[in-house]
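Novice: Would you mind keeping the following structure in view while I ask a few things?
The values are calculated or read from the model by the stated rules, or taken from the named source; none is laboratory data. Not measured: the values here are computed from a predicted model. Counting neighbours? That spans all protein chains shown, and the Cβs are built from the backbone with ideal geometry, glycine included. Accessible surface is based on the protein model in full, side chains and every heavy atom, while ligands, DNA and RNA are left aside. Shrake-Rupley method; radii C 1.70, N 1.55, O 1.52, S 1.80 Å.
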Amino acid sequence: MVGIVGYGAYIPKYRIKVEEIARVWNKDPNAIKKGLLVYEKAVPSLDEDTATIAVEASRNALKRSEINPKDIGAVYVGSESHPYAVKPTSTIVAEAIDATPELTAADLEFACKAGTAGIQMCMGLVESGLIKYGLAIGADTAQGAPGDALEYTAAAGGAAYIIGKSNVIAEFNGTYSYTTDTPDFWRREGKPYPRHGGRFTGEPAYFKHVINAAEGLMEKMGTKPEDYDYCVFHQPNGKFYIRVAKTLGFKEEQYKYGLLTPQIGNTYSGAVPLGLSNILDHCEGGERVLAVSYGSGAGSDAFDITITERINKVKDKAPKTAYYLERKEYIDYAIYAKFRRKIKM
Amino acid sequence: MVVRSWRHIKERYNLIGVRCKNCGTVYFPSREICPKCRRKTDFEDIKLSGRGKVYTYSVVHVAPKDFEKQAPYVIAIIELEEGVKITGQVVDCKPDEVYIGMPVEVVFRRIKEDGDDGVITYGYKFRPVEN
């Protein structure tokens, strides 16, 4: 059965607190923290971008998989912040993990779910026998316009998954997607910052797609929330995540490891891949996981995953997600503005 | 700029150097002749581990044009496990935290970019080993 052969996370070191952003825009930080359930967010350094995050995460995935990188037949990088508008991130990643030249590669964009779309593409190529292993990465250095509500959450980070059939640490029991044309969040060509539909991003967008994808997958698999040991959902903020988990009937012990946004912000395409990597760091063989991504525009990919006994052999072969969560240095808004290139010179 | 960046991708992305099979000496960046073995030079490519320690370092306050926004930053000579010494930036730490002998590991970062519409050059830097 197709499954995960290796996984790896990466989160930049720098953090900015909600209080610091709120100070600049004269907002009440407690109201924002309570409203969004986000306390601080990860900020990439001046020399970090989606490509460097994707490479670090992929190198960690390779350490866990112990495969020959030349056996990777496909590299897909899902992001909405690729360093180039035209010129693939995926070729940079493929070269930096020494997987070139016999492979296919492409960059994907679907707001926050391009990473899980890459996982599905790799599943198809592996299952059909066209490739031995596929590498799918979800990574972002998300941008929020200065003063916009998104500025409190738009963060940086990513995780990589090597998909294959042998020596898997987790098996995909099934996947299900739910997609419609819903313009809740977008960025037009050539514009530096995205725009969003405010409250419209909730019910008809995030909740509708995540709930339908989760319920659609559980109906397909014949499962109920109590059949899963852990779950992870897309997390534009902590509040949406907890509400969708509870609405679907999941309990805190199932959803707690997947929720990272309060500590690092919304890592967009990296969000569900990173939440899943934290679950993999904590789970045991035989346990079952439900993962549901969400990308504005809009769509959700849901995965039903069973962990194998091999998980404990690979967990410690690369830095765990918690290592990156705890490794942090706070910066003020001025340094944040410099790091995010918000100061035009 | 484009061709110069492209030509060094293999060594700058993956720390590919050469090892002389005749005497065992490792060189980075690659070279054509082993100075110790001369015409008996017998090179093979070697992928360096990226792990090492700071051999010596300098804090750059007055930076070249491409690196002005990063100043002050640390440029160090790193002695890798394989014995070869290479020059690179040390990131994810403040200049006053660096010391001779500090264990470091390789990271993949942006090195420089050719303006805001030119090619981005990626390559190796080093960060402190924390775990």
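Novice: Considering only the stretch B:18-27, how many residues are open to solvent by 70 Å² or more (accessible area, probe 1.4 Å) and in contact (Cβ under 8 Å) with a residue 24 or more places away in the chain?
Specialist: 1
Novice: Considering only the stretch A:176-190, state which residues are open to solvent by 10 Å² or more (accessible area, probe 1.4 Å) and not β-branched (Val, Ile, Thr).
Specialist: Listed by number, the residues that qualify are A:Tyr176, A:Ser177, A:Tyr178, A:Asp181, A:Pro183, A:Phe185, A:Trp186, A:Arg187, A:Arg188, A:Glu189, A:Gly190.
Novice: From the list A:Val126, A:Val77, which residue is aliphatic (A, V, I, L, M), in contact (Cβ under 8 Å) with a residue 24 or more places away in the chain, under 29 Å from B:Asp117 (Cβ atoms) and not in a loop (DSSP other than H, G, I, E, B)?
Specialist: Unique residue meeting the criteria: A:Val77.
Novice: What about B:Ser49, is it of a type in the set (Ser, Thr, Tyr), farther than 24 Å from A:Tyr14 by Cα, without any contact (Cβ under 8 Å) to a residue 60 or more places away in the chain and within 14 Å of chain A (Cβ to nearest Cβ)? Can you show your working first?
Specialist: Working: of a type in the set (Ser, Thr, Tyr): yes; farther than 24 Å from A:Tyr14 by Cα: yes; without any contact (Cβ under 8 Å) to a residue 60 or more places away in the chain: yes; within 14 Å of chain A (Cβ to nearest Cβ): yes.
Here the answer is yes, as B:Ser49 does meet what is asked.
Novice: State which residue is surrounded by the fewest Cβ atoms within 10 Å (Cβ to Cβ) when the search covers only the stretch A:242-263 and only residues that are among the charged types (D, E, K, R) and either in the same structural domain as A:Ala117 (by TED's automatic domain parsing) or in a loop (DSSP other than H, G, I, E, B) (or both).
Specialist: Ranking the qualifying residues of the stretch A:242-263, first place goes to A:Lys251.
Novice: While we're looking at this one, here's another question. Tell me yes or no: at least one residue of the stretch A:230-241 is over 25 Å from A:Trp186 (Cβ atoms), without any contact (Cβ under 8 Å) to a residue 60 or more places away in the chain and in a helix (DSSP H, G or I).
Specialist: No; the residues of the stretch A:230-241 include none that is over 25 Å from A:Trp186 (Cβ atoms), without any contact (Cβ under 8 Å) to a residue 60 or more places away in the chain and in a helix (DSSP H, G or I).
Novice: Tell me which residues, restricted to the stretch A:86-104, are open to solvent by 40 Å² or more (accessible area, probe 1.4 Å), of a type outside the set (Ser, Thr, Tyr) and either under 11 Å from A:Ala74 (Cα atoms) or more than 10 Å from chain B (Cβ to nearest Cβ) (or both).
Specialist: Those that are open to solvent by 40 Å² or more (accessible area, probe 1.4 Å), of a type outside the set (Ser, Thr, Tyr) and either under 11 Å from A:Ala74 (Cα atoms) or more than 10 Å from chain B (Cβ to nearest Cβ) (or both): A:Val86, A:Pro88, A:Pro101, A:Glu102, A:Leu103.
Novice: B:Asp116 is checked against (1) in a loop (DSSP other than H, G, I, E, B); (2) open to solvent by 30 Å² or more (accessible area, probe 1.4 Å); (3) away from chain A (no Cβ under 11 Å) and fails just one. What number does that condition carry?
Specialist: With (1) in a loop (DSSP other than H, G, I, E, B); (2) open to solvent by 30 Å² or more (accessible area, probe 1.4 Å); (3) away from chain A (no Cβ under 11 Å) applied to B:Asp116, the lone miss is (3).
Novice: Could you tell me which of the residues A:Glu48, A:Glu80, A:Glu56 is away from chain B (no Cβ under 14 Å) and touching a strand residue (DSSP E or B) at 6+ places or on another chain (Cβ under 9 Å)?
Specialist: On the way: A:Glu48 fails: away from chain B (no Cβ under 14 Å); A:Glu56 fails: away from chain B (no Cβ under 14 Å).
The match here is A:Glu80.
Novice: A:Lys41 is checked against (1) open to solvent by 10 Å² or more (accessible area, probe 1.4 Å); (2) among the charged types (D, E, K, R); (3) touching a helix residue (DSSP H, G or I) at 6+ places or on another chain (Cβ under 9 Å) and fails just one. What number does that condition carry?
Specialist: Result: A:Lys41 fails condition (1) only.
Novice: Please go through the stretch B:28-76 and give me each residue that is in a strand (DSSP E or B) and either open to solvent by 60 Å² or more (accessible area, probe 1.4 Å) or in contact with a helix residue (DSSP H, G or I) (Cβ under 8 Å, 6 or more places away or on another chain) (or both), ordered by number.
Specialist: Selection gives B:Glu44, B:Asp45, B:Lys47, B:Arg51, B:Lys53, B:Tyr55, B:Tyr57, B:Ser58, B:Val59, B:Val60, B:Tyr73, B:Val74.
Novice: Next question. Within the stretch A:142-151, track down each residue that is buried (at least 24 other Cβ atoms within 10 Å of the Cβ) and either farther than 18 Å from A:Tyr39 by Cα or out of contact with any strand residue (DSSP E or B) (no Cβ under 7 Å at 6 or more places or on another chain) (or both).
Specialist: The one that is buried (at least 24 other Cβ atoms within 10 Å of the Cβ) and either farther than 18 Å from A:Tyr39 by Cα or out of contact with any strand residue (DSSP E or B) (no Cβ under 7 Å at 6 or more places or on another chain) (or both): A:Glu151.
Novice: When the residues of the stretch B:9-46 are filtered to those that are within 20 Å of A:Ile92 (Cα to Cα) and in contact with a Lys or Arg (Cβ under 7 Å, 6 or more places away or on another chain), which remaining residue is farthest from the other protein chains (Cβ to nearest Cβ)?
Specialist: For the stretch B:9-46, the residue satisfying everything is B:Leu15.
Novice: Do you know which residues across the stretch A:16-70 are assigned to a strand (DSSP E or B) and either under 19 Å from the mean Cα position of the chain (by Cα) or polar (S, T, N, Q) (or both)?
Specialist: A:Glu40, A:Lys41, A:Ala42, A:Val43
Novice: Right, here's the next one. Which of the following residues is under 24 Å from A:Asp47 (Cα atoms), in contact (Cβ under 8 Å) with a residue 12 or more places away in the chain, part of a strand (DSSP E or B) and not hydroxyl-bearing (Ser, Thr, Tyr): A:Gly134, A:Gly144, A:Gly158, A:Gly174?
Specialist: A:Gly158
Novice: I would also like to ask the following. If I filter the stretch A:330-338 for residues that are open to solvent by 60 Å² or more (accessible area, probe 1.4 Å), touching a residue at least 60 places away in the same chain (Cβ under 8 Å) and more than 14 Å from every other protein chain (Cβ to nearest Cβ), do I get at least one hit?
Specialist: Checked against the condition, which is being open to solvent by 60 Å² or more (accessible area, probe 1.4 Å), touching a residue at least 60 places away in the same chain (Cβ under 8 Å) and more than 14 Å from every other protein chain (Cβ to nearest Cβ), the stretch A:330-338 yields at least one hit.
Novice: Within the stretch A:300-313, can one find any residue that is among the β-branched types (Val, Ile, Thr), in contact with a Lys or Arg (Cβ under 8 Å, 6 or more places away or on another chain), within 14 Å of another protein chain (Cβ to nearest Cβ) and open to solvent by less than 30 Å² (accessible area, probe 1.4 Å)?
Specialist: Step one: filter the stretch A:300-313 for residues among the β-branched types (Val, Ile, Thr), giving A:305-308, A:311.
Now narrow it down to the ones that are in contact with a Lys or Arg (Cβ under 8 Å, 6 or more places away or on another chain): A:305-307.
Adding the requirement that they be within 14 Å of another protein chain (Cβ to nearest Cβ) leaves none.
Looking for residues that are among the β-branched types (Val, Ile, Thr), in contact with a Lys or Arg (Cβ under 8 Å, 6 or more places away or on another chain), within 14 Å of another protein chain (Cβ to nearest Cβ) and open to solvent by less than 30 Å² (accessible area, probe 1.4 Å), one finds none in the stretch A:300-313, hence no.
Novice: Determine whether the stretch A:64-82 contains at least one residue that is at pLDDT 95 or above, open to solvent by 10 Å² or more (accessible area, probe 1.4 Å) and farther than 30 Å from A:His282 by Cα.
Specialist: Yes, there is a match, as at least one residue in the stretch A:64-82 is at pLDDT 95 or above, open to solvent by 10 Å² or more (accessible area, probe 1.4 Å) and farther than 30 Å from A:His282 by Cα.
Novice: Sort out which residues of the stretch A:191-224 are open to solvent by 70 Å² or more (accessible area, probe 1.4 Å), modelled with pLDDT under 95 and either assigned to a helix (DSSP H, G or I) or on the phi > 0 side of the Ramachandran plot (or both), and write them in order of number.
Specialist: Once the filter is applied, which keeps residues that are open to solvent by 70 Å² or more (accessible area, probe 1.4 Å), modelled with pLDDT under 95 and either assigned to a helix (DSSP H, G or I) or on the phi > 0 side of the Ramachandran plot (or both), the stretch A:191-224 yields A:Arg199, A:Phe200, A:Glu203.
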